1. Please give the length that would be gained between residue 173 and residue 117 if that part of the chain were fully extended, namely 0.36 nm times their separation in residues minus their C-alpha to C-alpha distance (nm, one decimal).
2. For a Förster distance of 51 Å, can you work out the FRET efficiency between the beta-carbons of residue 238 and residue 23, rounded to the nearest 0.05?
3. Just order 432-443, 53-64 by mean Cβ neighbour count inside 10 Å, highest at the front, would you?
4. What distance in nm lies between label points placed 7 Å from Cα along the C-beta direction at residue 33 and residue 53?
5. Between residue 306 and residue 566, take the C-beta separation as r, use R0 = 56 Å, and let me know the FRET efficiency to the nearest 0.05.
6. Which FRET efficiency, nearest 0.05, do residue 519 and residue 70 yield, Cβ-Cβ r, R0 41 Å?
7. For the pair residue 371/residue 195, report the inter-label distance in nm, with labels modelled 7 Å from Cα in the Cβ direction.
8. Please give, to one decimal in nm, the separation of the simple spin-label points placed at residue 327 and residue 379, each 7 Å out from Cα toward the Cβ.
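Bear in mind these aren't lab numbers, they're just calculated from the coordinates by the rules spelled out. Keep in mind it's a predicted model, so treat the numbers as computed, not measured. Note: ideal-geometry Cβ built from the backbone for every residue, glycine included; neighbour counts use all protein chains shown.
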């Protein structure tokens with residue numbers, strides 16, 4: 001598979017993509033709101049690229065991607081990967097100066113400031129922040145809430161005792177307690193710093209609630225200026241502490257594993273979280289020659305990652321417990337909170353890898369791909385037989401006029417258009433979808449039982465809810481077919497699968513091949529039926545317009561339509577032109593009738 005064919009399968013989702021050279025080295029890392037569209041921009045004719053970009057593209061031997069929840073997470077993940085791998089062509093991000101961090105300096109009286117450089121001097125760093133305005137707002141907020149210093153003076157006990165530093169303007173206007181001149185003790189000052197650190201680590205909910213209370217109290221006493229000030233502070237904090245999977249460079253560390261299993265293969269994703277940031281993401285596929293327990297597959301996956309990247313983190317997030325125990329490692333299955341969000345993100349990557357593999361197999365081995373799709377559908381619907389032959393029914397009418405139905409057929413998970421059928425409703429008067437559905441299903445399978453009983457479908461899909469499904473099931477029951485095949489309804493509103501006798505609908509994964517096949521055959525039935533109905537309606541309108549004229553029979557009508565092309569052109573033609581075909585007297589009647597006289 002060529003690199004162009006591979007990148008053509010990238011998903012339309014936010015994420016980070018990585019380019020590799022022939023030696024397996026990462027040469028470029030980029031972020032994208034839409035991975036598929038962004039990566040495709042590199043693989044265009046060489047003349048449309050800059051010289052440097054064209055050189056980079058010529059060295060690309062492989063490409064991989066990781067999906068994330070949002071553009072912001074994609075940006076932060078991109079930054080972390082660039083700092084770790086230092087790709088050759090990420091020139092602007094090599095020195096880690098791209099995105100700002102909030103630094104709490106390692107001083108007796110620490111400063112809190114914004115920086116684009118992370119220096120290992122004992123200071124604490126939080127970020128990086130994708131929005132520099134947001135980071136600056138936080139700095140200002142902290143300086144408003146806490147009387148911390150903003151100067152660059154080196155303040156020690158000696159400088160305070162000798163009074164070497166004169167207090168600045170901030171001290172005189174009350175924005176700083178004057179730590180340079182002994183206005184606040186080192187212990188009290190550092191208590192304020194620790195509260196700021198606590199806020200940066202995610203402990204701001206209590207402060208948000210406090211501001212909400214103060215805002216309400218200020219509004220009650222008509223102090224709207226103060227209320228607005230509290231509101232702005234509350235909103236700034238609320239924005240900062242909104243949930244994000246990548247939060248703090250000083251946060252916790254863990255490894256995350258997820259798996260998606262098929263009968264003969266499995267797809268896994270590994271995420272490594274270091275200090276609250278995703279620094280590694282890897283997808284691996286496993287082919288199983290025999291059926292394996294999921295716990296064993298997960299244990300094999302964990303062992304492979306440990307061999308590649310060394311010792312695991314002390315905390316490992318998993319969807320279920322593996323069949324291995326590792327000393328110093330605790331396996332956890334989250335049920336809520338940020339850890340569950342990380343596991344869901346990892347699972348999203350696993351599913352994308354599986355989908356990508358299925359699409360690739362569709363091109364390289366279509367027969368095997370279709371077999372897997374049918375097996376997935378059989379398992380999802382709990383069927384005994386493989387749904388090799390599927391038929392779908394849909395009704396079409398407008399206010400009861402020209403009621404019709406359509407039947408589309410899929411064989412081996414692909415359309416079999418030669419088997420499509422149209423039906424004009426014969427026994428039902430008016431817009432009665434339930435009775436129409438029963439009539440069509442009865443006609444279809446009573447005829448099939450007579451002509452070719454061995455060609456019955458394994459699965460029947462009814463486009464509609466419980467009413468249409470019940471009507472179809474009643475027709476099948478009367479024909480004695482309910483034990484020989486499976487019938488389901490596919491509701492349009494939530495794409496839910498409705499089964500006879502089950503009060504609860506079945507929700508399939510919208511990205512699964514099983515769900516896509518059901519939607520495809522339903523959409524085909526809808527399209528096929530609408531086209532037939534539209535043609536009948538147009539024909540009826542033509543017939544009603546000309547056949548209502550006294551003296552116009554089928555042959556005259558045909559002669560006029562063949563000559564003029566449409567009823568509208570007949571109405572626009574002169575009486576002399578019409579008379580040349582049908583005579584003067586009849587032409588006068590036609591002209592008067594079509595003009596409404």
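1. Numbers: separation 56, 0.36 × 56 = 20.16 nm, distance 3.15 nm.
Separation in residues times 0.36 nm, less the Cα-Cα distance, equals 17.0 nm.
2. Details: r = 47 Å, r/R0 = 0.93.
Using R0 = 51 Å, I get an efficiency of 0.60.
3. Values: 432-443: 21.5, 53-64: 15.0.
Final packing ranking: 432-443, 53-64.
4. Label-label distance for residue 33 and residue 53, simple model: 1.7 nm.
5. Values: r = 75 Å, r/R0 = 1.33.
E between residue 306 and residue 566, to the nearest 0.05, is 0.15.
6. Numbers: r = 27 Å, r/R0 = 0.65.
Rounded to the nearest 0.05, the efficiency is 0.95.
7. Rounded to a tenth, the inter-label distance reads 6.9 nm.
8. Distance between label points: 3.8 nm.
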